[in-house]
Amino acid sequence: MPTLTSPAELRAAARRGEWRGTTGGHCPAYQQANLVILPQDAALEFAAFCTRNPTPCPIIEITPPGEPEPARCAPGADLRTDVPGYRIYRNGKLAEQRGDIRDLWRDDLVAFLLGCSFTFEHALVEAGVTPRNVERDTMVSMFVSNLACVPAGRFHGPMVVTMRPIPEARVDLVRELSGRYPHAHGAPIHIGDPAAIGITDLERPDYGEPVPIQAKEIPMFWGCGVTPQAVAVKARVEFMITHEPSQMFLTDLPRDGARR
């Protein structure tokens, strides 16, 4: 499918079932968001978890219980249909993958929209450092690290990170540019040796797809909004709905984080 620039257009394509791929590289002027949906009795603890772990889980919006419309970041959108793909976790296990969750919706469900590194990728493209996953139109590589998140109630587990190989000469630029987007994970949490954060094989990501690392390139790692999915598994969370990795919710919020 050609590159889309309108969040409403991409959401509508997802709602029709016509978009099931990565949203990386699309809608460059707008923020993308990870999605976590939880019952109200778990939402307060998860909000505390996000507050204690703002690098992997920067909060964009939290909806009221039972409300599927994210009124602040995308008025008129529907979180039950407007994401390309959903994952349903039950008791810490991935139980289902689907393109629509209307029949699972309940009056006690609270949705969290969390910032995504796809937001700052467009700044890298504009600076002439196109990430390989955007260049190849593939899912970004994601790894479960050995970095522990700060626990909050039932929520505990490892941080998931994204990896992008960057030319050695551009590492400082990429670190500075991504650092301007704290609402999209901000600056990298690690640069260089993947073993230092518990990653043994860059060719075998836990989520997403592998990408080649070329000569004179250095792997750079950022916090990732797929972290709640690893937490759901580790903490055996009773019920959680999330997006499919790399298939994000497109907001109407401008990329720089300000409201128009």
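Return the residues of the stretch 66-91 that are surrounded by fewer than 17 Cβ atoms within 10 Å (Cβ to Cβ) and of a type in the set (Gly, Ala, Ser); say none if nothing qualifies.
66, 71, 76
Considering only residues of the stretch 207-238 that are farther than 22 Å from residue 148 by Cα and among the hydrophobic types (A, V, I, L, M, F, W, C), which is surrounded by the most Cβ atoms within 10 Å (Cβ to Cβ)?
Checking each candidate, the answer is 211.
Considering only residues that are within 22 Å of residue 225 (Cα to Cα) and more than 19 Å from the chain's Cα centre (by Cα), which ones fall in the stretch 106-131?
Hit for the stretch 106-131 is 109, nothing else.
Going by what's in this entry, would residue 81 be described as at pLDDT below 95 and either more than 21 Å from residue 252 (Cα to Cα) or among the β-branched types (Val, Ile, Thr) (or both)?
Working: at pLDDT below 95: no; either more than 21 Å from residue 252 (Cα to Cα) or among the β-branched types (Val, Ile, Thr) (or both): yes.
No: the conditions fail for residue 81.
Quick one: which residue in 176, 135 is at pLDDT below 95, surrounded by fewer than 16 Cβ atoms within 10 Å (Cβ to Cβ) and not in a loop (DSSP other than H, G, I, E, B)? So that I can check it myself, show each step before the final result.
On the way: 176 fails: at pLDDT below 95.
It is 135.
Contact list please: Cβ distance under 6 Å, first residue in the stretch 193-204 and at negative phi, second residue among the aromatic types (Phe, Trp, Tyr) and not in a helix (DSSP H, G or I), pairs at least six apart or on different chains.
Going by the 6 Å Cβ cut-off, the qualifying pairs are 199/143.
Looking at the stretch 199-215, is at least one residue within 19 Å of residue 129 (Cβ to Cβ) and touching a Lys or Arg at 6+ places or on another chain (Cβ under 8 Å)?
Checked against the condition, which is being within 19 Å of residue 129 (Cβ to Cβ) and touching a Lys or Arg at 6+ places or on another chain (Cβ under 8 Å), the stretch 199-215 yields at least one hit.
The values are calculated or read from the model by the stated rules, or taken from the named source; none is laboratory data. Given the structure is predicted, the values throughout are model-derived calculations rather than measurements. Positions of Cβ are generated from backbone atoms using ideal geometry, with glycine treated the same way; all protein chains shown enter the neighbour counts.
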